[in-house]
Amino acid sequence: MRGLPRTVFGRMLLLMSAGLMFAQAAGAVIFLVEQQRSLGRTLSHEVAQRILALHRTLDRMQDAEQAAVAASLSTPRMALTIADTVPPGAEGSLDAGHDGDFVAQLRDALGEARAVRVVEVPRVGSFAFDVRLRLASGRWLGVQGRAPQDLFLRPWYLLANLALMLLAVVALVAVAARGVTRPLVDLATAAGLLSTDLRQPPLPERGPVETRDAARAFNAMQSRLRAGIEERERFLAAVSHDLKTPVTRLRLRSEMLSDPGLRERYVADLDDMQQLLDGALDYLRGKAVDEPLQVVDIVALVESLVDDYAGLGDITLDAPDALQCPARPRALRRALMNLIDNALKYGLRASVTLRGRDGSIEILVDDEGPGVEPGELERVFEPFHRLETSRSRDTGGSGLGLAIARQIARSQGGEVTLVNRERGGLRAVLTLPVAEPRVRMDGSPGTAGPATRSPGHPASEPARGPRG
């Protein structure tokens, strides 16, 4: 629904506060109206009694004395006058209600023989009156007055008190709503973290019964998932490891073959098997992500890696003086090796660029190869998917290199993507968040000035792994 806050906390706070405000406002209006009606009735009775007392007093006096006594009895709140006639427009009947009660009290006390004429009677919120009563002499006593206005302003101070009470209640509602929604926020955060690391600590079981039950169920689900995946990984790792022994025996026996061509084909097939086993073990090691996060100097790590590749192909590095972020250095090094391996094997050369963007660090690995068909840019990240269909050690491979690289990046809150360059070749982009990852993030961090560096010494180990 448009206009409503997006969060549960915001909606609860808005709806509960709106309900309280409506209830408080309705209660305040009803209270003020009834209070003013009650006050008006009380004042009407008191004023009517006083007017009757003044009428009786002046009615017993001589005509010559009435005007002087009326003037002496006048006060700033009630003025008395003696006149021979009533002002035009004065009426003798009123509607029902306390205003009618005011005049009715006067008529009942005076009797039907004495006339009462009304110019103005008290109203709710404005207690002003102007009445004319006939004296025994035939002249008219005029009584005009107004109650103190502050009598009717005092209820507005009550509204200020009600507003303060409402603010206090809204604050308590906010605390209560936060207490209810906080476990939901923790549950959503834990669910997001679960997609990158199954070894997250259990979710605290707190809050109302429903949220404690939800946290308990989530922890049980996480435990079962972790146990199932770990069991599968142990099984695959054991199978991969155990297969190395027969492969080694077959390699030794193949050396005993007298036919050189047949021996070479046997050795090539065994090398392919060994490569598949190594790739599977690397993939499982990347899945485990046992290495803890730590602040890593990315520039130093990439410089060291580029230096290792210097003797194996044309590779350059363009990087700022320093870029740091939380990462798993050994796993990150393995992911970058896979990207550089692909660039050197299929793209003739590798150009590595580091740059900081809004909230993340990007490591670009460019090559000058033929690139990848647009429909294959995502499929090459699938395990064992290869663009090169041969089984040759030189042109084929296990198809796990990019899958491992993306898996490692995502376990650290980052991502790996591929794009075809406009001038030809392929670009691999590895993105890492500058802040410690919680729910999986994307984005880019602040930049530092670039400085181009050249590799320094030969590689310590050969490039390996195919594209994909």
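Each reported figure results from applying straightforward, stated rules to the coordinates on display, with no laboratory input. Just so you know, these numbers come straight off a predicted model, no measurement behind them. Reconstructed Cβ throughout: ideal geometry from the backbone, glycine too, with neighbour counts over all protein chains shown.
So, counting K/R as plus one and D/E as minus one, what does the shell of residues with Cβ under 13 Å around R263 add up to?
After counting each charged neighbour, the total is -2.
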Can you compute 3J(HN,Hα) from phi for each residue in region 11-17, using the Karplus curve 6.51 cos²θ - 1.76 cosθ + 1.60 with θ = phi - 60°, rounded to whole Hz and x for Gly and Pro? 5, 4, 5, 5, 5, 5, 5
Fewest-first ordering of Y346, Y266 by Cβ atoms within 10 Å yields Y266, Y346
Could you work out the local net charge near T245, counting Lys and Arg as +1, Asp and Glu as -1, over the other residues with Cβ closer than 15 Å to its Cβ? +2
Work out the FRET efficiency for R423 and Q294 from their Cβ-Cβ distance, taking R0 = 51 Å, and round it to the nearest 0.05. 0.85
Assertion target for I315, I30, I229, ordered by fewest C-beta neighbours within 10 angstrom first, is I30, I229, I315
Across region 166-172, in residue order, what do the Karplus-derived ³J(HN,Hα) couplings come to in whole Hz, using 6.51 cos²θ - 1.76 cosθ + 1.60 with θ = phi - 60° and x for Gly and Pro? 5, 4, 5, 5, 4, 4, 5
Amide H of V296: which non-local residues (sequence gap of 5 or more, or other chain) have their own amide H closer than 5 Å, using H built in the peptide plane? C325, A327
Sequence-distant or interchain residues sharing an amide H contact under 5 Å with F384, placed H: which? L400
From phi via Karplus (6.51, -1.76, 1.60), per-residue ³J(HN,Hα) for region 358-375 in Hz, x at Gly/Pro: 4, x, 8, 10, 10, 10, 9, 10, 9, 10, 10, x, x, x, 10, 4, x, x
Could you compute the net charge surrounding A217? Neighbours are other residues with a C-beta less than 12 Å from the C-beta of A217; K and R count +1, D and E count -1. 0
If neighbour count is taken as other Cβ atoms inside 10 Å, put E376, E422 in order from fewest to most. E422, E376
Return the whole-Å distance between the Cα centroid of region 315-341 and the Cα centroid of region 172-192. 38
Before anything else, pin down the relative contact order of region 217-288: Cα pairs under 8 Å, at least 6 apart, normalised by residue count, whole percent. 38
Can you give me the distance in nm between label points at Q274 and S72, each placed 7 Å from the Cα along the Cα-to-Cβ direction? 13.4
Taking R0 as 45 Å, what FRET efficiency do you get between R212 and Q35 from their Cβ-Cβ distance, rounded to the nearest 0.05? 0.40
Honestly region 2-63 on the Cα gyration tensor test (a ≥ b ≥ c root eigenvalues; a/c under 1.5 rounded, otherwise a/b vs b/c for prolate or oblate) is just prolate
Under 5 Å, built H, 5+ apart or other chain: amide partners of A319: L354, A451, T452, R453
